[in-house]
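Input: a single structure, listed below in structure tokens.
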């Protein structure tokens, strides 16, 4: 049995005016190595310092649960109020704090265990920086984005890369009508099957060493065509599935916008916003990164085919380029299109091709 992972969550929040323009930041680290596993920050409008600090705690616990729900978590904050109240030593009296504390308790209950520790502000600089970055971005009318890894452009990598060939599944009835198709199991059309077969023939001599697919049937069926011409087994990676669009599943963009105008506006503006009953792009991004990390461990180099969907493929391309989340709206990805990214262990990732559909001509 593997050891339970230990995580450290550092969280902070601030308000410029108390109350005033506010934001929070949180970072999740591996307790053993100190490696940063995730960062999150957000501007939250007009609020007090205490509200912002609680919001930072909630976000940190939520992300920790996504990293490893069985983990033992040590929360470190420079807010004496939050630490003492969450530890049960101080009574929560302010009505604004009670629902926030209950929400934090709910996320803590989803983890293996959670303890709280007060630290001086100087030791909480990472979370403090994230909170201020979120407030600064809001003041500019922008959204906070995680910093891209600081790797020099065109650095001389000395390792062989893992090359991922990214194949979007073939056409489905919903893609024909441009409807939201998330985690629903939508089959390929006859044309979609023909597209998958054409992609398989184009990939036959590309030196692919493994086929890894989303669990959804439209991707499995597409992957099966490649398996038929290469003889490779198919591996399933759950985190390569499409975004859960919740109540918008099966609707057109227009239909969803007419029924949920405020939610649609928020979703287009904020990657942490989710469709009603669905999943945010920020959440999808975190699980797709985890999937890529697992794939890199199994296949540190060579050529691997990933059969997935629009959002996961765009997110991988975004990460390879170090681009902001808004870049997703500026990429067009056709059904059965091929894209290629090389991931170097000691250098930057490189996008080799994007939305290649020559095999469909």
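Read-outs: derived from the displayed coordinates by stated rules, not from any lab. Everything quoted here is computed from the prediction, not taken from an experiment. Cβ atoms come from the backbone with ideal geometry, glycine included; neighbour counts cover every protein chain shown.
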ask   = In what order do 309, 46 fall by count of nearby beta-carbon atoms within 10 Å, going from fewest to most?
value = 46, 309
ask   = To the nearest 10 degrees, how steep is helix 190-203 against the longest Cα principal axis of the chain, on a 0 to 90 scale?
value = 90
request  = State whether region 78-144 is rounded, prolate or oblate according to the following rule on the C-alpha gyration tensor (a ≥ b ≥ c being the square roots of its eigenvalues): a/c under 1.5 gives rounded; otherwise a/b larger than b/c gives prolate, and the remaining case gives oblate.
outcome  = prolate
task = Quick one: check the C-alpha center-to-center distance for region 11-67 versus region 320-353, whole angstrom.
result = 29
Computed P(r) (all Cα pairs; the chain; 20 Å bins; percent) = 27, 54, 19, 1
request  = Considering only DSSP beta bridges where both residues belong to the chain, give the percentage that are antiparallel (nearest 5).
outcome  = 55
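If we sort 85-96, 272-283, 322-333 on the protection proxy, mean other Cβ atoms within 10 Å, highest first, what's the order?
Going by the mean number of other Cβ atoms within 10 Å, highest first, we get 272-283, 322-333, 85-96.
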task = Express the relative contact order of region 162-360 as a whole percentage, based on alpha carbon pairs under 8 Å and six or more residues apart in sequence.
result = 31
note = Taking region 203-361, the equivalent ellipsoid from its C-alpha gyration tensor has semi-axes in Å, biggest first, of 28, 18, 15
request  = Counting only C-alpha contacts under 8 Å and six or more residues apart, can you give the relative contact order of region 198-298 as a whole percent?
outcome  = 23
task = Let me know the Rg and Dmax you get for region 21-81 when you use only its Cα atoms, in Å.
result = 12.1, 37
note = The exposure ranking of 6, 39, 105, fewest beta-carbon neighbours within 10 Å first, is 105, 6, 39
ask   = Can you give the calculated 222 nm mean residue ellipticity of the chain, where each DSSP H run of n ≥ 4 adds -39,500 (n - 2.57) and the sum is split over every residue, rounded to the nearest 500 deg cm²/dmol?
value = -11000 deg cm²/dmol
task = Compute the acute angle (0 to 90°) between the alpha-carbon long axis of helix 281-298 and the principal axis of greatest extent of the alpha-carbon atoms of the chain; round to the nearest 10°.
result = 60
message = How would 285, 33, 217 line up from fewest to most surrounding beta-carbon atoms within 10 angstrom?
response = 33, 217, 285
note = Counting every C-alpha pair in region 6-139, the percent lying more than 27 Å apart is 11
query = Helix 310-321 versus the longest principal axis of the chain: what is the Cα-based angle in degrees, 0 to 90, to the nearest 10?
reply = 70
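I need to check one value: relative contact order of the chain, counting alpha carbon pairs closer than 8 Å and at least 6 residues apart, in percent.
This gives 17 percent for the chain.
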